[in-house]
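The values are calculated or read from the model by the stated rules, or taken from the named source; none is laboratory data. Quick caveat: nothing in here was measured; it's all calculated off a predicted structure. Cβ placement follows ideal geometry from the backbone for every residue including glycine, while neighbour counts extend to all protein chains displayed.
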Amino acid sequence: MIKYPKKGLAKPRMTKSDTWKKRPIVLKYWEYKDDIVKWANKNDFILGQEVCAVFNIPMPKSWSKKKKKEMLNSNHKQKPDIDNLLKGLMDALLEEDSHVHTVFARKIWTEEGSILFCNMKKKND
């Protein structure tokens, strides 16, 4: 397993006007894409034909210690949707995603946001 040390970001719905309006969510998404690509290059990581990713979603700071303890590593059943998290990830790391034939993805509550990749693949493999 290999860990991207920041939380995943769902791909926002974009419009033509986003090229000049520069909405904050779109700017944040482009920043995320640049960062994960930089991280992947540094770690010689690529997504293959089979994608396996666990999205660790940070628990809100407003939750009590008791609730955080109860929810730790449990399934995350809220927004962002898992398909949008995958879309953001695959758009960032793949020029073309039509070759992907198998996807395993999960969202869980954790202390800190990150993405765990189950099937690590090096660029030279």
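Structure values in brief
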item: Enumeration of residues in the stretch 22-62 that are within 15 Å of Cys118 (Cβ to Cβ) and in contact with a Gly (Cβ under 9 Å, 6 or more places away or on another chain); result: Ala53, Phe55, Asn56
item: Breaking point among (1) surrounded by fewer than 10 Cβ atoms within 10 Å (Cβ to Cβ); (2) closer than 21 Å to Lys87 by Cβ; (3) touching a Phe, Trp or Tyr at 6+ places or on another chain (Cβ under 7 Å), for Trp39; result: (1)
item: Residue count, the stretch 69-107 (criterion: part of a helix (DSSP H, G or I) and touching a residue at least 40 places away in the same chain (Cβ under 8 Å)); result: 9
item: Lone unmet requirement of (1) small (Gly, Ala, Ser); (2) assigned to a loop (DSSP other than H, G, I, E, B); (3) farther than 15 Å from Pro80 by Cβ for Ala10; result: (3)
item: Those residues of the stretch 69-81 which are buried (at least 16 other Cβ atoms within 10 Å of the Cβ) and at pLDDT below 95, in sequence order; result: Pro80
item: Qualifying residue in the stretch 22-36 (condition: touching a helix residue (DSSP H, G or I) at 6+ places or on another chain (Cβ under 6 Å), of a type in the set (D, E, K, R) and touching a residue at least 12 places away in the same chain (Cβ under 8 Å)); result: yes
item: Selection count where residues are among the charged types (D, E, K, R) and touching a residue at least 24 places away in the same chain (Cβ under 8 Å), scope the stretch 37-60; result: 2
item: Filtered residue count, the stretch 37-55, keeping only those that are part of a loop (DSSP other than H, G, I, E, B) and in contact with a helix residue (DSSP H, G or I) (Cβ under 6 Å, 6 or more places away or on another chain); result: 1
item: Qualifying positions in the stretch 83-96 - touching a helix residue (DSSP H, G or I) at 6+ places or on another chain (Cβ under 8 Å) and either surrounded by 16 or more Cβ atoms within 10 Å (Cβ to Cβ) or among the hydrophobic types (A, V, I, L, M, F, W, C) (or both); result: Gly88, Leu89, Ala92, Leu93
